[in-house]
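The values are calculated or read from the model by the stated rules, or taken from the named source; none is laboratory data. Just so it is clear, the structure is predicted and the values come from calculations on it, not from any experiment. So basically every Cβ, Gly included, is an ideal-geometry build from the backbone, and we count neighbours across all protein chains shown.
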Amino acid sequence: MELFQARGVSPVQVIEADNESVILNLVESGVGASIAREEPALASAQQQRIAIWPGAELTAQLWFIFAAQCAADPVLEAMRAVLRDVWRHEEPAAA
């Protein structure tokens, strides 16, 4: 909502969905506007099914979560090592 408020506009109706293809289909059908990941948005824009609002790029904070009892799992340890490299962020100290 901050994206809209910063530009002095406010949506009349808000719909929340967690299925990316449903969201893109609604936008492509002219039902409304949405925030979308770059990859599918660019693909849809290249096919001229949507328009991208110039300068309206957002960043999002993501968390990698897993069951506490699996913390020592070698696969999860490897995944955390990869994510540290990709996200370039230190893990918080264990509580």
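In segment 18-42, what count of residues is obtained for those that are of a type in the set (Gly, Ala, Ser), farther than 24 Å from Trp87 by Cα and surrounded by 11 or more Cβ atoms within 10 Å (Cβ to Cβ)?
At the first step, the residues of segment 18-42 found to be of a type in the set (Gly, Ala, Ser) are 21, 29-30, 32-34, 36, 41.
In the following step, the residues that additionally are farther than 24 Å from Trp87 by Cα were identified as 21, 29-30, 32-34.
Those still in the list that are surrounded by 11 or more Cβ atoms within 10 Å (Cβ to Cβ) too: 32-34.
Going through segment 18-42 one residue at a time, the tally reaches 3.
Quick one: which of Ala67, Ala81, Ala93, Ala45 is modelled with pLDDT of 85 or more and surrounded by fewer than 10 Cβ atoms within 10 Å (Cβ to Cβ)? Write out each step before concluding.
Numbers: Ala81 fails: surrounded by fewer than 10 Cβ atoms within 10 Å (Cβ to Cβ); Ala93 fails: modelled with pLDDT of 85 or more; Ala45 fails: surrounded by fewer than 10 Cβ atoms within 10 Å (Cβ to Cβ).
Result: Ala67 is the single residue among Ala67, Ala81, Ala93, Ala45 that is modelled with pLDDT of 85 or more and surrounded by fewer than 10 Cβ atoms within 10 Å (Cβ to Cβ).
Name, by its number, the condition in (1) more than 15 Å from Glu57 (Cβ to Cβ); (2) modelled with pLDDT under 90 that does not hold for Arg7.
(1)
Take the residues of segment 48-64 that are at pLDDT below 85 and under 30 Å from Ser29 (Cβ atoms): which is surrounded by the most Cβ atoms within 10 Å (Cβ to Cβ)?
Ala56
What are the residues in segment 8-50 that are of a type in the set (A, V, I, L, M, F, W, C), assigned to a loop (DSSP other than H, G, I, E, B) and in contact with a Pro (Cβ under 9 Å, 6 or more places away or on another chain), if any?
Initial filter on segment 8-50 (of a type in the set (A, V, I, L, M, F, W, C)): 9, 12, 14-15, 17, 22-24, 26-27, 31, 33, 35-36, 41-43, 45, 50.
Still in the running and assigned to a loop (DSSP other than H, G, I, E, B): 9, 12, 14-15, 17, 31, 33, 35-36, 50.
Correct list: Ala33 only.
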